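One structure is given here, and the rest of the page talks about it.
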Amino acid sequence: MSAMDPTEVFRQEASELFEVLEGALLDLGQRPDDRELVDSAFRALHTIKGSGAMFGFDKVASFTHEFETAFDRVRKGEIKPTQELISVALAAKDYIRALIEDPQSTDDIIGEAILDDLKRFVFPDQPAAPAAEIAEAPPLAPSESKQAGWHLYLEFESHILRNGSNPLDLLEDLCKLGPCFVVPVTDGIPLLDEMEPEDCYLKWDVKLHAACDKDAIDDVFMFVSDEMKLTLSPLEQVEAPAPMPLFNLLDEDPAPVAEMVAPIVEVAAAPVAVPPVVKAEPTPEAKFESKPEPKPEAKRDDRGIATVRVQAERLDELMDRVGELVIAQARLTQLASSGSDLSIKMIAEEIERLASSLRDTTMGARMVPIGSLFGRFRRLVHDLSRDLSKPVEFVTTGEDTELDKTMIECLADPLVHLIRNAIDHGIEDTATRSANGKTEQGRIELAAVHSGAQVLVTVKDNGGGLNTARIRAKAEEQGLIAAGAVLTDHEIHQFLFHPGFSTAQTISALSGRGVGMDVVKRTIENMRGTIDLSTRPGQGTTVTLRLPLTLAIIEGLLIRVGEGRYIIPLSAVEECVELTAEDERSRGRNFLNVRGNLVPFLRLREIMTASGAPDRHQKTIIISTGETRVGLVADQIIGNHQTVIKSLSKLHSDVTIFSGATILGDGTAALILDVAQLVALAQSKVEKQHISEAA
Amino acid sequence: MATILTVDDSPSIRQMIKVVLEPAGHSVIEAGDGAQGLAKAQAGKLDLVITDLNMPVMNGLELIRALRKLPSAVGMPIVFLTTESNDTVKQEAKSAGATGWITKPFKPEQLLAVVGKLVRA
């Protein structure tokens, strides 16, 4: 079918159309008022005209055009299809058929006679008009004198894309005419939430460097000329365009380029041409060397970093200010997002970004590498090892790891205690070591490493490990557990953190300085850190401290319980799950099934004694401290919150489950939950349950 | 390359469009009136529609308006064929949602030029 000659298809089609036309004309004689017949005849004529012209039957086209024009009056109901008219129309039809099927047999004179007859019936009141030719596009006005280029400004109606026109395609077509310099004009682009994604907002300024006709340009925009504003002006000053890609960044108009380049040249030339602004006049106040060195050969700091010593209090103050700024910014953001003023929203976003980067910079300024602290312990290990006659190798890694300077200071005492413990209780004496096939020299590793928003500090010895049995016996002796209670090793080791708990058989001269493991634990928890022990009998003990990067501002998860809002430090949050109806039913048991693992959970509503009806869909936030996971059930999870920590007053020092407070964007306060305390609370509940179930 | 629907009650016009566009690498689908055309457009993604205006059952203008209501035809170019060079018809078709037009009679090169203007590789 596709190989068929379209002309042949037209002949076949035309003969069918003639039958349609003849049938319609004859029927019209019977039913002159049948619109359907008129339309069908008219459509047949129209197709013959259009297709005839397509396939080179020019005479058919021009004759049919006349026929159609005349018949149009019938279609419009201006004249009735009389029998006489129908007879002429049938004759006209026969003439067209002859024109197609056997053109030799026809004569133009016959055709004109038929048309004259037709017009007499159709336009009875006017003389036959000279036959009009098939309307052609009006001859174009002689094109303007050829320009060396054009300056175009294109502005499309906004709906242009929807109707299938693509301005970019048009620009591409324009570029085919010659080298183009295209600049999009973006001032019509609205704000994002006013933007209609299917609309065209861009306008274009185009310099076309081609000596083409205006017609060629009009041709490009032929289909959209009524949907756009095209401002066309000849390019004034035209120089031969340098060979350039279609879209060139550089305007070849020399003047602005020179203007643009000039200041750059000046700047570049400055060190040579302009005498140095800073004369080398050493003043007594010149403490730091951030000023440019006048002489390049002068000795420079290799690292290119100038250091300024700043009093620590100033950094603290700075951090406080930043904290207040973050709170004020949260209020601004809240205010802006509740209103509809877009410019305020934009400013609020900008300030949010700035505050966040200022916070990071300020925190960075307070960061000190932990190596400065590690250095102190070298001497400690050396002295202890000599006093106890235990040769010890001391290895430190991760000295570059940075921590808030306040935290470094707070870490010193706990670390002294841990290292002392490791040598005193951990590392065995030389005789025991060699009896167990170990090297005589013990080994203590002090390491720091970044892990997400936390820093892990580990003290690891390769000594004998914790004596679980002895710890248990001591705990029983002190009445901390009932004899025969079932406890895991890990649970037993937690007694080491109990106040007044010591298993050392002899009090060494080095211990007993008022810092026990319970104090270590409390210090670490005050820094919102956690402490964890792991041990392998005969191989050693590892104490792991997990510390937040900073004390002042944390990433928090804001939740709602009843009317109150609370913050959970994000670093402790593992995941959030919905409390299913099944979990809900297991009241009293308070265990949650998280992918096959049983996790105890606490209902914050009960702990906070919240009033009002609970939310229908309760959420559970799974928090963890090292190995222990606990679920906290809240009414709503609001989202992330930059939390500036304000400590609670002395009045609240006996409050255990909160580690501090913060101020929210709307000015209200939210309490920060103490993760370690909540985990301990949950565990004690679990233990009570165990006991009550056992009983 | 592109899938083009030609809607015309004249098989010869459809044939002509087919023999010009198929060698140029396009695949041409045919429909004999507006209603058929609309059904074809609903059945699959098209890159271009070339439609006559004067057709039985559903004429070209009705087809263009119906096509523009299809979510799949947003931004799809629609070209109409017209024998008139008067602007009234063009205005009417354009406000119905047409992208461009081809004036009958047209030569194969003219058809290819218009298709090339509206369909990009």
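The values are calculated or read from the model by the stated rules, or taken from the named source; none is laboratory data. Small disclaimer: the values here were computed from a predicted structure and weren't measured. No Cβ is skipped: glycine too gets one built from the backbone with ideal geometry, and neighbour counts run over all protein chains shown.
Give me a count of the residues in region A:437-474 that are over 20 Å from A:ARG546 (Cβ atoms) and hydrophobic (A, V, I, L, M, F, W, C).
The initial filter retains those residues of region A:437-474 that are over 20 Å from A:ARG546 (Cβ atoms), namely A:437-443, A:462-465, A:467-474.
Remaining after also requiring hydrophobic (A, V, I, L, M, F, W, C): A:469, A:471, A:473.
Looking only at that region, the number is 3.
Yes or no: A:LYS59 within 14 Å of chain B (Cβ to nearest Cβ) and within 60 Å of the chain's Cα centre (by Cα)? Give the derivation first.
Details: within 14 Å of chain B (Cβ to nearest Cβ): yes; within 60 Å of the chain's Cα centre (by Cα): no.
Judged against the criteria, A:LYS59 is not a match.
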- Message: Whether any residue in region A:91-100 is modelled with pLDDT under 85 and acidic (Asp, Glu) is what I want to check.
- Response: no
- Message: For a quick check of your reading of the model, give me the residue pairs whose first member lies in region A:604-623 and is within 21 Å of A:ALA680 (Cβ to Cβ), whose second is basic (Lys, Arg), with beta-carbon atoms closer than 8 Å and at least 6 apart or on different chains.
- Response: A:ILE622/A:ARG629; A:ILE623/A:ARG629
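If I go through region B:1-19 residue by residue, how many of them are more than 21 Å from A:GLU13 (Cβ to Cβ) and either at the interface with another protein chain (Cβ under 9 Å from one of its Cβ atoms) or assigned to a strand (DSSP E or B) (or both)?
Our first condition is that a residue be more than 21 Å from A:GLU13 (Cβ to Cβ); within region B:1-19, this holds for B:1-3.
Remaining after also requiring either at the interface with another protein chain (Cβ under 9 Å from one of its Cβ atoms) or assigned to a strand (DSSP E or B) (or both): B:3.
Residues flagged as more than 21 Å from A:GLU13 (Cβ to Cβ) and either at the interface with another protein chain (Cβ under 9 Å from one of its Cβ atoms) or assigned to a strand (DSSP E or B) (or both) within region B:1-19 amount to 1.
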- Within region A:370-413, tally of residues that are within 42 Å of the chain's Cα centre (by Cα) and assigned to a helix (DSSP H, G or I): 12
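Out of curiosity, is B:GLU22 within 13 Å of chain A (Cβ to nearest Cβ) and without any contact (Cβ under 8 Å) to a residue 12 or more places away in the chain? Show your work before the answer.
Details: within 13 Å of chain A (Cβ to nearest Cβ): yes; without any contact (Cβ under 8 Å) to a residue 12 or more places away in the chain: yes.
When the stated conditions are applied, B:GLU22 passes them.
One line per residue, one yes/no per condition, for (1) farther than 30 Å from A:VAL644 by Cβ; (2) at pLDDT 85 or above; (3) of a type in the set (A, V, I, L, M, F, W, C); (4) out of contact with any His (no Cβ under 8 Å at 6 or more places or on another chain):
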{"residue": "A:VAL515", "(1), (2), (3), (4)": "yes, no, yes, no"}
{"residue": "A:MET527", "(1), (2), (3), (4)": "no, no, yes, yes"}
{"residue": "A:ASP532", "(1), (2), (3), (4)": "no, yes, no, yes"}
{"residue": "A:VAL561", "(1), (2), (3), (4)": "no, yes, yes, yes"}
{"residue": "A:SER571", "(1), (2), (3), (4)": "no, no, no, yes"}
{"residue": "A:PHE591", "(1), (2), (3), (4)": "yes, no, yes, yes"}
- Note on the structure: Those residues of region B:25-56 which are within 11 Å of chain A (Cβ to nearest Cβ), touching a Gly at 6+ places or on another chain (Cβ under 8 Å) and under 20 Å from A:ASP39 (Cβ atoms) amount to B:ASP52, B:LEU53, B:ASN54, B:MET55
- Condition met for A:ILE96 (away from chain B (no Cβ under 14 Å) and either more than 30 Å from B:GLU30 (Cβ to Cβ) or of a type in the set (D, E, K, R) (or both)): no
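Just to be sure I understand, how many residues within region B:27-53 are without any contact (Cβ under 8 Å) to a residue 40 or more places away in the chain and in a strand (DSSP E or B)?
Kept after step one, since they are without any contact (Cβ under 8 Å) to a residue 40 or more places away in the chain, are these residues of region B:27-53: B:27-43.
This time we only want the ones that are in a strand (DSSP E or B), so: B:27-31.
Total satisfying the criteria: 5.
Quick one: which residue in B:ALA113, B:ALA93 is within 20 Å of A:LEU170 (Cβ to Cβ), among the aliphatic types (A, V, I, L, M) and more than 10 Å from chain A (Cβ to nearest Cβ)? Working first, answer last.
Details: B:ALA113 fails: more than 10 Å from chain A (Cβ to nearest Cβ).
Checking each option against the conditions leaves just B:ALA93.
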- Message: Name the residue that is farthest from B:PRO105 (Cα to Cα), counting only residues in region A:25-64 that are surrounded by fewer than 22 Cβ atoms within 10 Å (Cβ to Cβ) and of a type in the set (Gly, Ala, Ser).
- Response: A:GLY29
- Residue check, A:LEU671 of a type outside the set (Gly, Ala, Ser), under 30 Å from A:THR488 (Cβ atoms) and crowded, with 18+ Cβ neighbours inside 10 Å: no
- Message: Based on this model, can you work out whether A:ALA91 counts as of a type outside the set (Ser, Thr, Tyr) and either within 11 Å of chain B (Cβ to nearest Cβ) or crowded, with 17+ Cβ neighbours inside 10 Å (or both)?
- Response: no
- Query: Scanning for something exposed (fewer than 14 other Cβ atoms within 10 Å of the Cβ), not in a loop (DSSP other than H, G, I, E, B) and not assigned by TED's automatic domain parsing to the domain that holds A:MET346, does region A:202-220 turn up at least one residue?
  - Reply: yes
- Note on the structure: The condition of being free of Cβ contacts under 8 Å to residues at least 60 places away in the same chain, within 24 Å of B:VAL79 (Cβ to Cβ) and not acidic (Asp, Glu) holds, among A:LEU161, A:LEU192, only for A:LEU161
